[in-house]
Structure formats: structure tokens, C-alpha cells
1. Can you give the longest stretch of the chain with no exposed loop site, where a site means trypsin sites (Lys or Arg not before Pro) in a DSSP loop (not H, G, I, E or B) with at most 10 other C-beta atoms within 10 Å?
2. Quick one: putting +1 on the C-beta of Lys and Arg, -1 on the C-beta of Asp and Glu, what dipole do you get for the chain around its Cα centre, in Debye to the nearest 20?
3. Run a plain Debye calculation on the range 46-116 (Cα atoms as equal point scatterers, no solvent) and give log10 I(q)/I(0) at q = 0.17 Å⁻¹, rounded to two decimals, same order as the q list.
4. Among Ser77, Ser49, Ser106, which one shows the highest mean-square fluctuation when the chain is modelled as a Gaussian network with alpha-carbon springs under 10 Å?
5. Report the antiparallel proportion of the DSSP beta bridges in the chain as a percent, rounded to a multiple of 5.
6. Taking the alpha-carbon distance from Lys44 and a cut-off under 19 Å, which lysines remain once sequence neighbours fewer than 8 residues away in the same chain are dropped?
7. Hey, if we sort Ser107, Ser70 by accessible area with the 1.4 Å probe, largest down, what's the order?
8. For the chain, divide the Cα radius of gyration by the Kirkwood radius and give the resulting Rg/Rh value with two decimals.
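The values are calculated or read from the model by the stated rules, or taken from the named source; none is laboratory data. All figures in this text were calculated on a predicted structure; none of them were measured in a lab. As a convention, Cβ positions derive from the backbone with ideal geometry for all residues, glycine included, and neighbour counts pool all protein chains shown. All accessible areas refer to the heavy atoms of the entire protein, side chains included, with ligands and DNA or RNA removed. Shrake-Rupley method; radii C 1.70, N 1.55, O 1.52, S 1.80 Å.
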Amino acid sequence: MSTKNLFSEEAKQKIKDLATDIDFAMFATGLKDNPLHMVPMSTKKVDDSGQIWFLSNKNSQHNKNIIQNSAMHLIYSDPSKMKFLNVFGQAKVSTDIDIIKELYKSSDDAWFEGVNDPNITAIAVIPAEVFYWDPKNNTLVTLLKMGMGALTGDEPDLMNQGKLNV
């Protein structure tokens, strides 16, 4: 595994690429509690500053947790593509209708009664500590190298990993 830490614009782009490609993350709040409160959330946008945006119900437990303590953790995982993103940061809840309109898609009708639903909020995640793992090659080449490594006993160099400093 090769370590390649990324900084600033390159780090923001890597967050955007992985978060939008994987899409769903486990969104953990209430980090001081056991067990953590975790829910799957769909990424709506990663903006130019590296903030990750979601839509949520204002009455949800994770919104309540964010209001009490903004620390949160996102875990993105796509084992089929061997792509992973681990984001620790702070979250903020917004009721800004312009932001909500920008993020809202027709698929969100399953959760809300349209873009003007009074219970809809946007959540911005501001990354503080971010780590990534992704393959150096496409899935087929990675699988072939894994197979060769199993046959030869050699450890193949399959993944890039590193810290993303936004």
C-alpha cells in the first residue's frame, strides 16, 4: 500500500470524487454516547470548500445530536470498487431554503413532502480529519494482482491511502 497524503485543492477534489462516487455514508452522531447513533445518508453535494452536504428531517435524532454536539463521523465504503473514505468533522444544520432547493432532487420526495416541506433541513459537514483508500488500478487489474499475490505469496501494492488535509 502506498501512502500519498493530499493537501488543499487536491484533497478537496479527492473528497469530492470519493464521496460522490460512493454516495451513501454511515453518518454517526452522538459520539460521546454508546452506542453511537448511525444512519445511512446520501451525499447531495461536495462544495468547493470540501464541505459535504446532506438533507435531513429537523426532527431526526441525528439533527438533535448535531445541535447538542456538532462532532460527527462519516464512513463511506464501496468494497466492490475497493474505495473507502473516513471523515471526522463538525456538522451544522441549516434551514436556508436556497441551499435546500439546490440540494433537493425528485428522489427526495420519498422522505419529504417536496422542497418546501417545513421539516426539511440541510446538513453541512466540515471535515477536520479525513483518510482515504482507493485502488491504484481498475477493479479487474486489482483483482488479478490480488490473485497473483495469493499464488506467489508476494504482497501486491494495490492501494493508495493517505490523509486528506483540506
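1. Longest site-free region, per DSSP loop and neighbour criteria: 33-104.
2. Values: 17 positive and 21 negative charges, 52 e Å.
Roughly 240 debye, rounded to the nearest 20.
3. -0.81
4. Ser106
5. Working: 43 of 47 bridges.
Among the beta bridges of the chain, antiparallel pairing accounts for roughly 90 percent.
6. Lys12, Lys14, Lys16, Lys58, Lys83, Lys92, Lys101, Lys105
7. Values: Ser107 80, Ser70 40 Å².
Largest to smallest exposure gives the sequence Ser107, Ser70.
8. On the way: Rg = 17.8 Å, Rh = 17.1 Å.
With Rg and the Kirkwood Rh in hand, the quotient comes to 1.04.
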